[in-house]
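Report on one structure; see the data block that follows.
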Amino acid sequence: MLSAILIMALGAVVLGAALGYAAIRFRVEGNPLVEKIDAILPQTQCGQCGYPGCKPYAEAIAEGEEINRCPPGGQEGVTKLADLLGREVKPLDIEERPKQTACIDEQRCIGCTLCIQACPVDAIVGAARQMHTVVSTLCTGCELCVTPCPVECIRMETIHEKIDNWKWKYPVFEMKRVA
Amino acid sequence: MSPLFKFKGGVKPRTPTTHKTASAQAPIGIAPLPSILVVPLHQSIGGHPRPLVAAGEIVKKGQRIGAADKWVSSAVHAPTSGTVLAVEERLAAHPSGLPTLSVVIEPDGQDEWIELEPIDPNALTPERVREILRDSGVVGLGGAVFPSHVKTEAARSMLMKELVINGAECEPFMTCDDLLMRERAEGIARGVAIFRDLLQPERVLIGIEDNKPEAINAMRVAVKAVGEVFSVVPVPTRYPAGGAKQLIRVLTGKEIPADRRSPEMGVQCFNVGTAYTAWRAVAFGEPVLSRIVTLTGNVEQPRNWEILLGTPLKEILPLMRPKADTNRYLMGGPMMGFELPSLEAPIVKASNCIIASSPALFPPPPPEMPCIRCTSCAQACPHELQPFELYWFARSRNFGKTQEYKLFDCIECGCCSYVCPSHIPLVQYFRYAKSEIWSRERDKKNADTAKARFEFRNAREERDKAEKAERLARAVAAKAAEQKAASADAPTDAEAAKKAAIAAAMERARAQQENVQPRNTDDLTAAQREEIAEIDKHRAPPQ
Amino acid sequence: MLHYLFIVIGAVLVNNIVLVRILGLCPFMGVSKKLETAFGMGAATTFVLTLATGASYVIDHLLLTPLGLEYLRMISFIITIAAIVQLTEMIIQKSSPVLYQVLGIYLPLITTNCAVLGVPLLNVSNGYNFFESLVFGASNAIGFSLVLVLFAGIRERVEGADVPTPFRGVSIAMITAGLMSLAFMGFAGLDKYR
C-alpha cells in the first residue's frame, strides 16, 4: 500500500517537475490561434461585436467568446470560425445586411473632422473647416462615422452590383422527376 | 511542312455544316449607318478607359473618345461623325444585363473622318508601333479582347520561337474570320508582318480549319503576294481547335502548362481579325471602328456584315431579318456565347457573331439529371481537366477544392456540357464557382488593406499620444525651472510676469494663425465666392 | 522477422485499432472533416503512440511489475501519456513552429485518445517484449492514420453529395464509418493464409 502511494507520488513529482521546467524553458509568446481567427474576420473594424476592432474580438474568441458576433463576416464567417475552432455553427446574433459604404453630403458638411477621427481605417479625407469626403474604395462600411457627425450629413449607401463585381448565379435547373 | 499534333478531347458538334455555309455564301456587307450609337468605354480586358468627350460635343469619325488609363487597357473611338448625346451608363453587351459607362453618339450622316496622318510603317520604332496599337484600340478580336500591344511585349524578355495566327474559327455558325480571310487576306498578311516585326519569331504559322478551303487558298495567295514566308497550315476541324492553347498545341506541339503563359514557351497567338485591324492602324492610322459580325441562326438572310461598334442590336435586325419564332439572341457561338439581355445591347469588339435563336434551333435544355460519373466530360475536356470532379465541388460550394482541381484552367469551351449524358450545365457551375472565388479574393484583399490601415492608424495614435505626453512633460519641467528661478529673485513679480508671458504667447499664436491661413481661400473668383456663400448658408444651424 | 511482419499486418489491417477494436473513435469522428487535418492528426498520433508504448513498457517492467503494483497500470499509463503529450507539445512549439502549425492543435486531443491508452494495455496483455511493443505501437498508429485519412477523404466527398436532410453531418459519417468497419473486418480472411 505504502509503496503504491510512494510510487504514485514520486511519479507525480517527477512528471510535474519535468512539465514545470518545460513550461518555463519552452515558453512561446503569442497565440497562433488568434492570428488564424483574425484572418477569417472581415477587418471592417466596426466594433459591432462589442470589441474595439477585429483583433481584440479574435483574442476574445480564442478565450472562449461566442463566434456569432460579427455581422459583416456573415453566416459564412461564422461557419468558417466554427470549422477552425471545432465549435457549433450558430446563427448570427444580429441580422446580416448587404455591404454598404459611407457617403458624405458635401453640401451639409461643416468640416468638423469628427468623422475623420472616428474612421478606423483613415478612409475619410478633409481638414478643419474644409469639406470632407469618403474614399469609397477604402471604406469598410462600419458606420462608425455616422453617429459622430453633428449635422447628420453622413449616410450609408448599399453597394450596388456593377459589371466588375457581378457574379454568375448558382445554376438552378429543374431536376428530372423520378417516380 | 512540319507535322501536326493533336490536342486531347474536344468534340465534333453534330450541327449540319450548312450552319456555317449559310452565312458564308454572300460577301461581307457594309452595314448602313445606324440612327444611334452606344459605344461602351470598357471594351477590352484591363482598365476602364476614361471618357475624353462630354455631352453636346461634336465628334468626327475616328476621334478618340476614351483613352487607355493604364498599360493593360485600350482606347475607344467614335465610329462615325456626329454629336455626343450623353456619356452615361447604358446597358452592356454582357450576360449580367447591367449598365456600363458608354458614349451615346447621334450620327450626322456625313461620316466625316478626322485628319489621318499618313504613317510610314517602316520608319516606326517597336515602342511607337505598340503605342499606335494601344491608341487605335487594337484588341484580340477572337472574342477575348485582350489588348494586342501588351501581347507583343513578350519578345522583350523571351526569345520567340513561333507566332501563331488563329484563323481556325471552330465554333459552329460563325464565319466572320472565314470571310475576312477570303476577302481581305492581303491586309491580314501585312498585319501578321507587323506582329512578326514586333515579336521576331523564328517562324509564323497561320492555322485554319480544313473546312475553309477558300480561306486557306486566299491566305496562301496573299502571303505569296506580299512576299512573306508564313506557312498557312490547314488544321483538322474539331472544336475547340480555335482555342489559343489548342491551336498552339496542334501547330507547334507545345503544351502550355497551367501556371504559365504562352510567351514563356516562346509562342504568341493572334486572331486573323486582330492582324487585319493592326495593319489598318499602323499603315493608315485607322483605329478600330467596326468589326465583321456574322448574323445568322433563325434568320432569312444569314450573312457577314461590317458593323460599326456601338450599333444597338435592334438596328441590325433589318440586316438579318429574323424569322417569326425567334425568341432570343446569342452573342458569340452556340458553344461559348451568351444570351444578350436586350435588343438595346450594342455590338462591341468582342461580338464576333449574333445568332437569332428559336426553340426549334436551340431547344431548351432537357432537365438536369444526377451525375453518374461516366467521365465523358473528362474525355471531352480539351484541357484534360476532370469536369465531373469540378462539378461535384462547385455544386457543394467547396471552392478551395475546385481550385485544387484547376478550375481556373477551364476555358469554358462547353465541350463537357455538350457531351454530358445527364444534361448537366457544367460550364454554368464553373462560371459560378469562378466568380464566387474572384469575389472572395476581392473581399480578402479589401480586408487586408483595411487591417493594414487600421493597424497603422493605431500605431500613429500611439505615437501621437507618446509625443504629446513628452511635450507636456518638457513644458512642465521648463515651467518648474522658470518658477524656481523667478521665486529666487523676484517673488512679487511672478504673477505679473506670468500674465505678460500669456499675453505674449497669445499674440504670437494669433500672428501665427494669420500666417497659416489656408492659401487656397485667397484670390477666389466671383463664382467661387458665391458658391462659398451658398454653402455657408447651408451651414447655418437649423432653426 | 516474419513474426514482426505479422504484428504489423495484424495491427494495421486485421485488427485495426479504430475499425475493428473500435478504439479512438473521438478523433476519428472529430478530426476527419478535412484531409489536411487528418494527415496532421495521423502524424501526431503516430509520434505520440510510439513514444507512449516505449515509455509505458519501461514503467511497467522496471517499476510496476517488480514492485507487484500491476493494479496501478491504468492510472500510471494515463499519467505517463498525458505528461508525454504535454512535453512533446511544448518542445515542438518551441523548436519547430512549422511542425507545430501542422500537429500543434491536435496534440492535446491525443491526451484523451483511448487508442493511445489501449495500445500499451494490449501490449501488456499480449506479453510483448520491448521491440515488439514498439512495433505494435507504431503499426497501430499507422493503422489509425490510414483509416483516418481514408475516412477524411470520403467525408470531403460526401459533403458534396445529396444526403437526405436527417442524415446530414455526423449521421452519414457514422454510417460511412460502419461501412468502412465492415470492409476492414474482411481482412480477417488474411488469417487463412497464415
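The values are calculated or read from the model by the stated rules, or taken from the named source; none is laboratory data. Owing to the predicted nature of the structure, the values given are computational and were not obtained by experimental measurement. Ideal geometry is used to build each Cβ from the backbone, glycine not excepted, and the neighbour counts take in all protein chains shown.
If the requirement is being over 30 Å from A:GLY53 (Cβ atoms), surrounded by 12 or more Cβ atoms within 10 Å (Cβ to Cβ), over 44 Å from the mean Cα position of the chain (by Cα) and at pLDDT below 75, which of these qualifies: B:ALA494, B:ALA490? First the steps, then the outcome.
Values: B:ALA490 fails: surrounded by 12 or more Cβ atoms within 10 Å (Cβ to Cβ).
Unique residue meeting the criteria: B:ALA494.
With the requirement that a residue be within 14 Å of chain A (Cβ to nearest Cβ) and touching a residue at least 60 places away in the same chain (Cβ under 8 Å), what does region B:87-117 give you? Result: B:ARG90, B:LEU91, B:ALA92, B:ALA93, B:HIS94, B:PRO95, B:SER96, B:GLY97, B:THR100, B:LEU101, B:SER102.
Yes/no per residue for (1) closer than 24 Å to B:ASP443 by Cβ; (2) not small (Gly, Ala, Ser):
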| position | (1), (2) |
| --- | --- |
| A:ALA12 | no, no |
| A:LEU15 | no, yes |
| A:LYS80 | yes, yes |
| A:GLU96 | yes, yes |
| A:ILE110 | no, yes |
| A:CYS119 | yes, yes |
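Only one of the listed residues (A:ALA127, A:ALA123) is hydrophobic (A, V, I, L, M, F, W, C), loosely packed, with under 15 Cβ neighbours inside 10 Å and within 11 Å of chain B (Cβ to nearest Cβ). That residue is A:ALA127. Whenever a residue of region C:102-120 is farther than 19 Å from C:MET74 by Cα, its partners that are in a loop (DSSP other than H, G, I, E, B) and modelled with pLDDT of 75 or more, lying with C-beta atoms within less than 8 angstrom and at least six residues away or across chains, give the pairs C:TYR106/C:VAL31.
Can B:PRO518 be described as surrounded by fewer than 11 Cβ atoms within 10 Å (Cβ to Cβ), over 60 Å from the mean Cα position of the chain (by Cα) and at pLDDT below 70? If you could, list the steps in order and put the result at the bottom.
Details: surrounded by fewer than 11 Cβ atoms within 10 Å (Cβ to Cβ): yes; over 60 Å from the mean Cα position of the chain (by Cα): no; at pLDDT below 70: yes.
No, not satisfied.
Within the span defined as region C:71-92, one or more residues are surrounded by 15 or more Cβ atoms within 10 Å (Cβ to Cβ), among the acidic types (Asp, Glu) and closer than 20 Å to A:LEU33 by Cα.
Give the number of residues within region A:25-55 that are assigned to a helix (DSSP H, G or I), surrounded by fewer than 16 Cβ atoms within 10 Å (Cβ to Cβ) and more than 10 Å from every other protein chain (Cβ to nearest Cβ). Let's see the steps before the verdict.
The initial filter retains those residues of region A:25-55 that are assigned to a helix (DSSP H, G or I), namely A:25, A:32-40, A:54-55.
Next, from what is left, pick out any that are surrounded by fewer than 16 Cβ atoms within 10 Å (Cβ to Cβ): A:25, A:32, A:35.
Restricting the remaining residues to those that are more than 10 Å from every other protein chain (Cβ to nearest Cβ) gives A:35.
Number of matching residues: 1.
Residues of region B:277-300 include at least one that is without any contact (Cβ under 8 Å) to a residue 40 or more places away in the chain, assigned to a loop (DSSP other than H, G, I, E, B) and not hydrophobic (A, V, I, L, M, F, W, C). Kindly indicate whether any position in region C:87-110 is within 12 Å of chain A (Cβ to nearest Cβ), touching a Pro at 6+ places or on another chain (Cβ under 6 Å) and farther than 26 Å from B:GLY400 by Cβ. No - not one qualifying residue is present in region C:87-110. Taken over region B:399-438, residues that are within 21 Å of B:ALA258 (Cβ to Cβ), assigned to a helix (DSSP H, G or I) and away from chain A (no Cβ under 13 Å) amount to 8. Of the candidates A:VAL78, A:VAL13, the single residue that is in contact with a Pro (Cβ under 9 Å, 6 or more places away or on another chain), assigned to a helix (DSSP H, G or I) and either more than 10 Å from every other protein chain (Cβ to nearest Cβ) or surrounded by fewer than 17 Cβ atoms within 10 Å (Cβ to Cβ) (or both) is A:VAL78.
B:LEU289 falls short on exactly one of the conditions (1) in contact with a Ser or Thr (Cβ under 8 Å, 6 or more places away or on another chain); (2) crowded, with 24+ Cβ neighbours inside 10 Å, and that condition is (2).
Checking the conditions here, which among C:ARG155, C:ARG168 is within 21 Å of the chain's Cα centre (by Cα), of a type outside the set (S, T, N, Q) and within 14 Å of another protein chain (Cβ to nearest Cβ)?
On the way: C:ARG168 fails: within 21 Å of the chain's Cα centre (by Cα).
Going through C:ARG155, C:ARG168 in turn, just one is within 21 Å of the chain's Cα centre (by Cα), of a type outside the set (S, T, N, Q) and within 14 Å of another protein chain (Cβ to nearest Cβ): C:ARG155.
All of C:SER95, C:SER139, C:SER125, C:SER133 fail the test of being more than 17 Å from A:LEU19 (Cβ to Cβ), surrounded by fewer than 17 Cβ atoms within 10 Å (Cβ to Cβ) and of a type in the set (Ser, Thr, Tyr), apart from C:SER125.
Kindly indicate which of A:GLU152, A:GLU157, A:GLU143 is under 30 Å from B:PRO95 (Cβ atoms), of a type in the set (Asp, Glu) and not assigned by TED's automatic domain parsing to the domain that holds A:GLY50. Reasoning before the result, please.
On the way: A:GLU152 fails: under 30 Å from B:PRO95 (Cβ atoms); A:GLU143 fails: under 30 Å from B:PRO95 (Cβ atoms).
One residue alone meets the criteria, A:GLU157.
Criterion applied to B:SER290, B:SER262 was being among the small types (Gly, Ala, Ser) and at pLDDT 90 or above, and the one residue passing it is B:SER290. Every condition in (1) among the basic types (Lys, Arg); (2) under 17 Å from B:GLN246 (Cβ atoms); (3) free of Cβ contacts under 8 Å to residues at least 24 places away in the same chain holds for B:LYS401 except the one numbered (2).
In summary, A:ILE116 fulfils each of the numbered conditions (1) more than 13 Å from every other protein chain (Cβ to nearest Cβ); (2) β-branched (Val, Ile, Thr); (3) assigned to a helix (DSSP H, G or I) with the single exception of condition (1). Quick one: would you say B:PRO201 is in contact with a strand residue (DSSP E or B) (Cβ under 7 Å, 6 or more places away or on another chain), touching a residue at least 60 places away in the same chain (Cβ under 8 Å) and surrounded by fewer than 23 Cβ atoms within 10 Å (Cβ to Cβ)? Taking the combined requirement at face value, the residue satisfies it. Filtering region B:358-384 down to residues that are surrounded by 20 or more Cβ atoms within 10 Å (Cβ to Cβ) and outside any loop (DSSP other than H, G, I, E, B), which residue is farthest from the other protein chains (Cβ to nearest Cβ)? By that ranking, first place goes to B:ALA380. Of the residues making up region A:56-75, those that are outside any helix (DSSP H, G or I), away from chain B (no Cβ under 11 Å) and not β-branched (Val, Ile, Thr) number 8. Flag set for B:LYS70, criterion: surrounded by fewer than 16 Cβ atoms within 10 Å (Cβ to Cβ) and either of a type in the set (Lys, Arg) or within 18 Å of B:VAL288 (Cβ to Cβ) (or both).
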